[in-house]
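The next block holds one structure in the form of structure tokens; read it before the comments.
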Amino acid sequence: QAKRAGRNGVSVYSAGLTDQLLRHMELEVSLRAALPRQEFHLVYQPQVEAATGRICSVEALLRWHHPTRGLVPPTEFIPLAEESDLIDHIGQWVLRTACVQAAIWSRDGRPVRVTVNLSPRQFRQPGLARMILAVLDQTGLAPQLLEVEITEGAVMESTEAARQTLQELQQHGVGIALDDFGTGYSSLAYLTRMPIHNLKIDRCFVNGLMDGGENEAIVRAVLAMAHSLGLRVTAEGVETLDQARTLAALACDLLQGYYFSRPVAAAHVPSLLDRHWALDG
Ligand code: C2E
Ligand code: MG
Ligand code: MG
Ligand code: MG
């Protein structure tokens with residue numbers, strides 16, 4: 001692109017581009033080393049059942065502690081990992097670590113379902129179902145205690161093979177959630193074609209919920225459609241009691257967001273399981 005810009009007045013533009021490119025390359029090099037250097041860890045964010053006010057599952061979220069940069073957000077490094085086979089290794093590490101942790105909670109008498117994000121590239125991997133079932137087998141986690149989250153975009157682009165992957169996971173009892181619902185495509189035909197159990201309404205709709213009007217109409221429509229298809233609905237990004245109560249009153253099934261808890265280290269999860277939130281009235 002710098003070449004196309006020609007000889008005149010190119011310096012500022014190409015310097016900016018070079019900086020960006022350098023940062024990108026440097027980050028990729030350190031990302032390759034992050035797994036063997038054990039710079040990753042998982043945090044867990046509760047998902048609260050609106051009807052009972054209790055935690056029924058936790059979402060595993062990846063954190064990368066870079067030796068000099070500090071914490072790098074997943075929105076920055078996941079897309080980078082997604083460009084290469086790195087995501088396969090990182091994704092497997094996430095899955096294994098989350099399953100080992102959930103198996104420990106289960107053995108300690110505090111069973112809680114764990115949900116794990118799958119990137120679009122992972123989702124396209126042949127043998128994904130076999131890999132996930134093998135990890136369940138090795139860690140001793142009951143399949144019912146695992147749910148995978150895939151994005152709307154990945155499902156829309158997906159092939160018959162991907163549908164079979166989900167089918168196989170479903171047959172073994174693994175849950176399947178559609179993440180960031182409402183941000184992607186407009187065709188909803190895939191909802192009836194794919195074995196999906198849970199829709200996660202993107203937090204942009206929850207954000208605008210209290211302004212009345214459009215966002216509430218969207219949330220109502222999603223709930224009505226999902227429930228008539230037999231799906232559960234999770235609201236993402238619930239930050240206030242008002243939002244939580246409104247969503248509970250609209251019969252949204254699960255609530256997730258800073259109002260209940262930020263993502264926390266595994267050690268903090270058991271004490272959160274004792275908590276109860278009153279969402280009626
Ligand atoms: P996501 O799967 O939609 O996860 C929810 C994101 O929203 C998390 O950001 C979470 O910390 C944030 N969040 C939760 N509650 C609130 C709230 O009340 N307000 C606001 N403003 N934000 C809230 P996080 O951890 O930074 O992750 C960002 C994205 O990175 C995730 O979005 C997911 O797409 C991706 N990601 C994270 N971990 C993994 C992973 O292990 N594998 C893959 N493939 N992607 C991951
Ligand atoms: Mg997610
Ligand atoms: Mg999401
Ligand atoms: Mg998101």
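The values are calculated or read from the model by the stated rules, or taken from the named source; none is laboratory data. Not measured: the values here are computed from a predicted model. Only protein heavy atoms, including side chains, enter the accessible area calculation; ligands, DNA and RNA are left aside. Shrake-Rupley method; radii C 1.70, N 1.55, O 1.52, S 1.80 Å.
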Take the Cα atoms of segment 193-234, find their three principal axes, and give me the spread along each one in whole Å, biggest first. 33, 17, 14
Build a GNM of the chain with springs between Cα atoms under 10 Å: which of Leu17, Leu42, Leu178 gets the top mean-square fluctuation? Leu17
Measure of size requested: the Rg and Dmax of the chain, with Cα atoms as the atom set and Å as the unit; please supply both. 20.3, 69
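Mean projection of the alpha-carbon convex hull of segment 165-246 over all orientations, in nm²?
On the way: hull surface 23.0 nm².
Projected over every direction and averaged, the Cα hull of segment 165-246 covers 5.8 nm².
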Averaging over all projection directions, find the projected area of the Cα convex hull of segment 236-276 and quote it in nm² with one decimal place. 3.0 nm²
Which residue, Glu239, Glu157, Glu82, tops the fluctuation ranking in a GNM of the chain built on C-alpha contacts under 10 Å? Glu157
Taking the square root of 5 times each eigenvalue of the Cα gyration tensor, what semi-axes in Å does the equivalent ellipsoid of segment 42-91 have, largest first? 29, 14, 8
May I ask for log10 I(q)/I(0) of segment 1-160 at q = 0.12, 0.14 Å⁻¹, from a Debye sum over the Cα atoms as equal point scatterers with solvent left out? -0.64, -0.82
Quick query: amide H of Glu59 versus all other amide H atoms, modeled in the peptide plane; which residues come in under 5 Å with a sequence gap of 5 or more or a different chain? Gln45, Gln47, Thr115
For Val233, which sequence-distant residues (separation of 5 or more, or a different chain) have an amide H within less than 5 Å of its own amide H, given hydrogens modelled in the peptide plane? Leu199, Asp253, Leu254
Need one value: the accessible area of Phe123 in square angstrom, 1.4 angstrom probe, rounded to the nearest 10. 10 Å²
Cα centroid distance between segment 138-175 and segment 217-238, in Å? 20 Å
How much accessible surface does Glu168 have with a 1.4 Å probe, in Å² rounded to 10? 70 Å²
Per GNM of the chain with C-alpha springs under 10 angstrom, the most fluctuating residue out of Ala267, Ala129, Ala244 is Ala267
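Given contacts defined as C-alpha pairs under 8 Å and at least six residues apart, what's the relative contact order of the chain, whole-number percent? All intermediate terms of the calculation are to be shown ahead of the outcome.
On the way: 434 pairs, mean separation 52.1, N = 281.
RCO, the chain: 19 percent.
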Using the Kirkwood radius over Cα pairs of segment 18-60, the Stokes-Einstein translational diffusion coefficient at 20 °C and 1.002 mPa s, in µm²/s and rounded to a whole number, is 160 µm²/s
Taking a 1.4 Å probe, which of Asp253, Asp274 shows the most accessible area, and what order do the others take after it? Asp274, Asp253
Any idea what the alpha-carbon Rg over 2.2 N^0.38 Å comes to for segment 211-281? 1.22
In sequence order, calculated HN-Hα J values of segment 254-262 (Karplus, 6.51, -1.76, 1.60; Hz; x Gly/Pro): 10, 10, 9, x, 4, 4, 7, 5, 6
